[in-house]
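The structure under discussion appears below in the form of structure tokens.
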Amino acid sequence: MRFSAILLVVTFALAGCVGQKLAVPYGNEREIEAEKHAQERALHGVATLDYSTLRYSASKKKKMVKRMQGIINRLSPHAIEFCRDLGVTDKRCTMLVEIGKGVGVNAHADGRKIVVYPALMDFAKSDNDVAFIVSHEYAHQILGHIAATRRNMMIGGMLGMVADVAVAANGGKSKATGTGLGAQTARLFYSPALELEADYAALYLLARAGFDYRRAPEFWQKMNVHNPDSIYVQTTHPTTPARYVTMQKTIAEIERKKRDKRLLIPNSKLN
């Protein structure tokens, strides 16, 4: 079995395993292409910033912790209520955030807590941007994305392992290539959708907590300065134009609900 065929097998077999719960208002190709050109123009002549080598003193980190605590104090009460409105009542609703020791402009959720790296706190100049980052990672946590990604990768790896066995049975030497390829294919195929779902939910949380959700999409335009390739290349994350367009559609959706005095809760795929 060729390993290009493994990609097809994993892709079709994993259909429906992604773990999405919300009806995200995706942008279409024309809208995303137009935004891509707009972001290209905005980036022209702007110097790329490199945060990967920066180090922060203990006093600087202490200030970051204090800043983060103020943001969490605003977000947390609304986050717990939001989580319960989404039908989640377990420990995932608790918003635990720490400034991590990692290097680079990054943040992640591990299912128990949210970790934001110092460089990202530095990069995100406004509290509104930090609140969006935390809300995005919190959405991953309460929507079960961490577990869904692990499950998808496990299934993909198992399907790849079947391919390894088939290769070996036909006299080939796979060296478990299919196992790793299957797991990585599952991750690459589904992660962008989960990232857009987290952006979608994060905007609702920001709106409920009184942050300026209308300005949240600007974060991805700023990220282009740090990583210009994000305009064009989709890996485990969508391109920044795709994120920007989807978030603009989400903002319009929130605005309609506010006008109609409806509960600010994301639309479910089940409805």
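FYI, it's all coordinate maths here, none of it is from the lab. No experiment lies behind these values; they were computed from the predicted model shown. Note that we place each Cβ from the backbone using ideal geometry, even for glycine, and neighbour counts take in every protein chain shown.
Taking 7 Å along the Cα-to-C-beta vector as the label spot, tell me the Arg214-His108 distance in nanometres, rounded to one decimal.
Each label point is offset 7 Å from its Cα along the Cβ direction, giving 3.6 nm.
Extending each Cα 7 Å along its Cβ direction at Ala34 and Asn73, get the distance between those two points in nm, one decimal.
Here the modelled spin labels are 4.3 nm apart.
To the nearest 0.05, how large is the calculated FRET efficiency for Ser126 and Ser59 if R₀ is 22 Å and r is the Cβ-Cβ distance?
0.55
Could you give the spread of the C-alpha atoms of the range 81-140 along their three principal axes, from largest to smallest, in whole angstroms?
34, 21, 13
Do the alpha carbons of any pairs in Lys62/Lys113; Lys21/Lys101; Lys60/Lys101; Lys63/Lys101; Lys63/Lys113 sit beyond 25 Å of each other, and which pairs?
Those over the limit are Lys21/Lys101.
Net charge within 14 Å of His37 by Cβ-Cβ distance, Lys/Arg positive one each and Asp/Glu negative one each, not counting His37 itself?
-2
Ranked from highest to lowest mean number of other Cβ atoms within 10 Å per residue, what is the order of the peptides 25-36, 137-148?
137-148, 25-36
At a threshold of 8 angstrom on Cα-Cα distance, excluding pairs fewer than six apart, so keeping six or more, what relative contact order does the range 45-120 reach in percent?
30
In nm, to one decimal, how far is the Asp50 label point from the Lys257 one, both placed 7 Å along Cα→Cβ?
4.3
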